[in-house]
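Asks: Following this message is one structure expressed as structure tokens.
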Amino acid sequence: MPKVIIDPDVCKSCELCITACPKNIIDIDKKMINDKGYHPAIVIDQEKCIGCSACAIMCPDCAITVER
Ligand code: SF4
Ligand code: SF4
């Protein structure tokens with residue numbers, strides 16, 4: 001199963017990965033706040049990930065790694 005890792009310290013909450021994900025399994029973690037003051041993105045349903053890497057390609061800050 002593919003694994004998506006989002007580095008919460010690098011994320012700046014632009015939401016581009018959320019828009020890019022065809023499975024709609026990325027959301028903003030409103031409960032967490034990083035050192036830069038942003039709510040980072042999280043994968044909410046890892047099991048539905050198809051490993052397409054669209055999220056990682058879209059991220060302007062290279063915060064996302066997809067392991068397949
Ligand atoms: S790899 Fe594809 S399916 Fe998985 S979280 Fe990223 S965009 Fe969504
Ligand atoms: S695209 Fe990158 S910086 Fe933007 S919300 Fe997603 S992980 Fe964060």
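All of the numbers you see were taken from the coordinates with simple rules; none came from a lab. Fair warning: this is a prediction, and the values are worked out from it, not measured in the lab. Glycine gets a Cβ as well: all are built from the backbone with ideal geometry, and neighbour counts include every protein chain shown.
Asks: State whether one or more residues within region 31-38 are near ligand 2 (Cβ under 10 Å from one of its atoms), in contact with a strand residue (DSSP E or B) (Cβ under 8 Å, 6 or more places away or on another chain) and either of a type in the set (A, V, I, L, M) or at negative phi (or both).
Replies: No; the residues of region 31-38 include none that is near ligand 2 (Cβ under 10 Å from one of its atoms), in contact with a strand residue (DSSP E or B) (Cβ under 8 Å, 6 or more places away or on another chain) and either of a type in the set (A, V, I, L, M) or at negative phi (or both).
Asks: Still on this structure: When the residues of region 1-53 are filtered to those that are among the β-branched types (V, I, T) and assigned to a loop (DSSP other than H, G, I, E, B), which remaining residue is farthest from I64 (Cα to Cα)? Don't jump to the end; show me each part of the working.
Replies: Going residue by residue through region 1-53, those that are among the β-branched types (V, I, T) are 4-6, 10, 18-19, 25-26, 28, 33, 42-44, 50.
Filter again for assigned to a loop (DSSP other than H, G, I, E, B), leaving 10, 25, 33, 44, 50.
Values: V10: 9, I25: 14, I33: 17, I44: 14, I50: 15 Å.
This residue is I33.
Asks: Can you find a residue in region 31-50 that is surrounded by fewer than 18 Cβ atoms within 10 Å (Cβ to Cβ), within 7 Å of ligand 1 (Cβ to nearest atom) and among the β-branched types (V, I, T)?
Replies: yes
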